[in-house]
Amino acid sequence: MSKKICTALVLGAMALALTLPVWAGGKKDATPAVQPATQGPALSGKKVIVADANSTHHLNLYVAYEKGLFTKRGLPVEIQQTNSGVAAVVGGEADIVFNCPTGVITPIAKGQSITIISQVKIPCTSVLVVPVNTPVKTPADLKNLQIAGLSNTCCAVISIRDNLKSQYSTEFELVALAPGAALAALEGAAVKAAILEEPFVAEALLLKDAAGKFKYKTIFDGHSDANGDGATDKNLAGENPPCRTINANTAFIRDRLGDAKVFIEAIAEADEIILANPTAADIVAIAHKYVPNVSEQAIINSNPKLGFTTHLDTQHLIGYAQALVNQKTIDTNPGEALFAPEFKGITW
């Protein structure tokens, strides 16, 4: 080999050595090459409108908003207070609504412009609340009793009613009332029991009579002992039934999928913050700001029961749809068509 060729090879090897990365033998404190940033979903720059009816069950929405979790992602969000959120989303006046899934399954089954994109929380916290001196000791004792509850299509009402029918051949008479009115009816002895959700359950359990004794208790919720035999009651609502879902206008998902995905990312971060300490002073303050009609103590007592998650329980949600078919509220069960396919692998 000639001297010129040897010299060229040596010089080439030296040049290669100078370009080797740290892991190949360079200095430990050498500055690594800058890696390109991972691009997130493309945002439209438009505001996401959330039609919301105040509830501590939507606490992850409020925490995400109040703690700037949307803003830091560059996503403008506006929360509009309304009791007609599903209709607003179906009509395109709003993009997203947090709602009881059965209230969304019906318009989906009818082909309207709404789809389920994420869970809000599991489990449903609605339970039977009764006076402490109730004569009800077994599920069969609920037969023909007037019981207050939100509606025949409420998830908890469906679950409790179906389990009573199938396991105890028992039915009750539902008196359709909103939670506050249901508690008032229980107070006035107009009903024998009420199916209440948190934080109204916690509010009821704080009430005392003139002698300072607690007036109400819960039964058949997986924690109580209605007949005093030392055995824990079975939960009539089922094992960890899913509760509310995040639902979106189908055109919004089609045209602004990046906005929807970033919205769910922010909600998931809010979930982590809440679950780390659901009774933290700042979390309770945010809940009370949006739901001022319940006491702070009720919020403190109920927040740990709110199992926030974005993961959809598709099996139970499809089961709710079948219950609506059975009661002839809808004609057919949409099955997996309830859920936005764009979120498969993300939330379901």
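Assorted remarks:
- Qualifying residue in region 313-325 (condition: under 15 Å from Thr153 (Cβ atoms) and not in a helix (DSSP H, G or I)): no
- Residue in region 301-312 that is farther than 29 Å from Ala204 by Cβ, assigned to a helix (DSSP H, G or I), at pLDDT 95 or above and out of contact with any Pro (no Cβ under 8 Å at 6 or more places or on another chain) present: no
- Answer from Thr106, Thr115, Thr153, Thr82 - the residue that is among the hydroxyl-bearing types (Ser, Thr, Tyr), within 28 Å of Asp271 (Cα to Cα) and in contact with a Cys (Cβ under 9 Å, 6 or more places away or on another chain): Thr153
- Members of region 68-97 that are in contact (Cβ under 8 Å) with a residue 60 or more places away in the chain and either within 18 Å of Ala337 (Cα to Cα) or crowded, with 17+ Cβ neighbours inside 10 Å (or both): Leu69, Phe70, Arg73, Leu75, Val77, Val86, Val89, Val90, Ala94, Asp95, Ile96, Val97
- Residue match in region 273-280 (condition: hydroxyl-bearing (Ser, Thr, Tyr) and within 20 Å of Pro101 (Cβ to Cβ)): no
- Of all residues in region 169-203 being of a type in the set (D, E, K, R) and part of a helix (DSSP H, G or I), the one that is nearest to Pro139 (Cα to Cα): Glu187
- Filter pass, Gly335 being under 18 Å from Ile267 (Cα atoms), of a type in the set (Gly, Ala, Ser) and surrounded by fewer than 19 Cβ atoms within 10 Å (Cβ to Cβ): no
- In region 98-127, the residues that are buried (at least 22 other Cβ atoms within 10 Å of the Cβ), of a type in the set (Val, Ile, Thr) and farther than 15 Å from Leu338 by Cα: Val120, Thr125, Val127
- For Leu164: the one exception among (1) in contact (Cβ under 8 Å) with a residue 40 or more places away in the chain; (2) surrounded by 21 or more Cβ atoms within 10 Å (Cβ to Cβ): (2)
- Where strands (runs of 3 or more DSSP E) fall wholly inside region 55-153, the ranges with 1 or more residues that are within 24 Å of Ala298 (Cβ to Cβ) and among the small types (Gly, Ala, Ser) are 146-149.
- From Ala204, Ala248, residue being under 21 Å from Leu61 (Cβ atoms), of a type outside the set (Phe, Trp, Tyr) and crowded, with 23+ Cβ neighbours inside 10 Å: Ala248
- The residue that is nearest to Ser118 (Cα to Cα), counting only those in region 240-284 that are outside any helix (DSSP H, G or I) and free of Cβ contacts under 8 Å to residues at least 40 places away in the same chain, is Pro278.
- Restricting region 285-298 to residues that are in a helix (DSSP H, G or I) and not hydroxyl-bearing (Ser, Thr, Tyr), the residue that is surrounded by the most Cβ atoms within 10 Å (Cβ to Cβ) is Ala287.
The values are calculated or read from the model by the stated rules, or taken from the named source; none is laboratory data. Because the structure is predicted, anything quoted here is derived from the model rather than measured. Positions of Cβ are backbone-derived with ideal geometry, glycine not excepted, and every protein chain shown enters the neighbour counts.
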